[in-house]
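Okay, so here's the structure we're looking at.
The values are calculated or read from the model by the stated rules, or taken from the named source; none is laboratory data. Computed from a predicted structure; not experimentally measured. Cβ placement follows ideal geometry from the backbone for every residue including glycine, while neighbour counts extend to all protein chains displayed. What goes into the accessible areas is simple: the full protein's heavy atoms, side chains included, and nothing from ligands, DNA or RNA. Shrake-Rupley method; radii C 1.70, N 1.55, O 1.52, S 1.80 Å.
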Amino acid sequence: MSKVRAQTSVFDYMQGYTLCTVLSALEELGVLDALAADGLRAEQIGSNEFLTRATLRYLTERGIVAEDGDRVRLTEFGRTVYADRGYLVWLSGGYGEAMTAFGDLLTGKRRFGEDIDRNVRWVAVGSAEIGQKDMWPYVVDLARRFKFQHIADLGCGNAHYLISLCQEVGARGIGVDISPASCKEAEQEVAKAGLTDRISIIEADAGDLKKVPGIDGVDLVFTFFFLHEVLEHGFDVLVAYLRQIQQSLPAGAHMLTAEVAPPGCEADGMELFTPEYALTQALMEQRLLGEDGWRKAFTEAGFEIADVVTPDLPEARIYLARKP
Ligand SMILES: C[S@@+](CC[C@H](N)C(=O)[O-])C[C@H]1O[C@@H](n2cnc3c(N)ncnc32)[C@H](O)[C@@H]1O
């Protein structure tokens, strides 16, 4: 069971909620990078002069920024928060609307996925920012251990892993996502990276491999924070899906997966992220699986687990599986 950190007070929650909302909004407005690079003036944020000034004053009071002439700049503490902004964007930008409607979702007055939804674009952008900092060094270290030329990234979001890995090793790739907003974001990122000749983005349900053209030609499959979407339909469905992937791959091919473990899996019980993550996933009636469960699923599907790595993303694991 998760241990509750005793020193928190209700005012820490108020501060966390407000900072999360404000910083995520600044990222959504596209001004957070400017703040980090050159500092920010109130008029760069928007036309509501009273509120923009109050916002910069608030961030100053909370030690995120400090005044510097006509602008504010990130403090040293502000820089550490900025480096981890992906968690805030993922939560507030991605799930903020659903969290505001939480009461209605509890009573059933409104239904998630019908009356209210997550914002997939900000889920994808937040995930990418988290991934770049807390996952990528571990991913690239694992990927350097074997050779591959064709990657499929299932549930690719904005395709940041796919783009970075294709750049790193000169591979080609397909990115598949069910969300039009994610695909649009991914296509923009691929174009920005100058990789349109090597990476194609396909809008499709990756849960049905028949809808993924080219899947039988790949030798590395990525499924980062996607397989729990398949697990939603049951453990047997997950194993059958992994078996289908296994059968489409050549011998010696690899699969890289990342997932967050459910609450209660960490030996010291000091869980930073997974209780909140598990609750957001419960909006979609999704549950999480621990390391033993993932090992079992891959093994039953005919893969060997080559390695399991603990990245900096709290309570996450990266699984490297290999087809014998
Ligand atoms: C948490 S995001 C992870 C994105 C990316 N893999 C990453 O780690 O940054 C999960 C992604 O899976 C996509 N997704 C969910 N169900 C899907 C399905 N059935 N087929 C394809 N994509 C799906 C969502 O649209 C979303 O972009």
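Across S92, S24, S200, mean-square fluctuation computed from a Gaussian network of the chain (C-alpha pairs under 10 Å connected) peaks at S200.
When the trypsin sites (Lys or Arg not before Pro) in the range 71-144 are filtered for DSSP coil states and for at most 16 other beta-carbon atoms within 10 Å of their beta-carbon, the remaining sites are K109, R110, R111, R144. Rolling a 1.4 Å probe over the protein heavy atoms gives the range 162-241 an accessible area of 43 Å² per residue.
For the chain, relative contact order (Cα pairs under 8 Å, six or more residues apart, normalised by length) works out to 14 percent. Under a model in which nothing but the beta-carbon of Lys, Arg (+1) and Asp, Glu (-1) is charged, the range 274-324 shows a dipole of about 220 debye around its Cα centre. With the cut-off at under 17 Å, measuring from each backbone N in the range 198-228 to a point 7 Å along the Cα-to-Cβ line of R243 picks out 208-210.
Between A37, A297, A253, the Gaussian network model of the chain with springs among Cα atoms under 10 angstrom shows the greatest mean-square fluctuation at A37. Assuming charge only on the beta carbon of Lys and Arg (+1) and of Asp and Glu (-1), the dipole of the chain about its Cα centre is about 360 debye to the nearest 20. Based on the Kirkwood approach, the hydrodynamic radius assigned to the range 10-83 is 12.3 Å, with every pair of different Cα atoms included.
Its relative contact order, with pairs defined as Cα atoms under 8 Å and 6+ residues apart, puts the range 130-322 at 20 percent. Counting only alpha carbon atoms, the long axis of helix 291-300 and the longest principal axis of the chain meet at about 30°.
Electrostatic bookkeeping for M284 treats Lys and Arg as +1 and Asp and Glu as -1; over the other residues with beta carbon under 13 Å from its beta carbon, the sum is -2. Measuring between alpha carbons in the structure, the pairs from K133/K323; K147/K210; K109/K133; K147/K184; K147/K192; K109/K192 lying more than 32 angstrom apart are K109/K133; K109/K192. The Stokes-Einstein estimate for the chain, based on a Kirkwood radius over Cα pairs and taken at 10 °C with 1.306 mPa s viscosity, is a diffusion coefficient of 75 µm²/s.
When a 1.4 Å probe is rolled over the protein heavy atoms, the share of accessible surface on the chain that falls to carbon and sulfur comes to 52 percent. A Förster radius of 22 Å combined with the Cβ-Cβ distance from R41 to F77 puts the calculated FRET efficiency at roughly 0.55. For the chain, set up a Gaussian network in which alpha carbons nearer than 10 Å are linked by springs, and say which option among S182, S248, S127 fluctuates the most. Among S182, S248, S127, the largest mean-square fluctuation in the Gaussian network model of the chain belongs to S248. Computed from point charges on the beta carbon alone (+1 for Lys and Arg, -1 for Asp and Glu), the dipole magnitude for the range 10-83 about its Cα centre is near 120 Debye. Helix 10-28 axis versus longest C-alpha principal axis of the chain: approximately 70°, rounded to the nearest ten.
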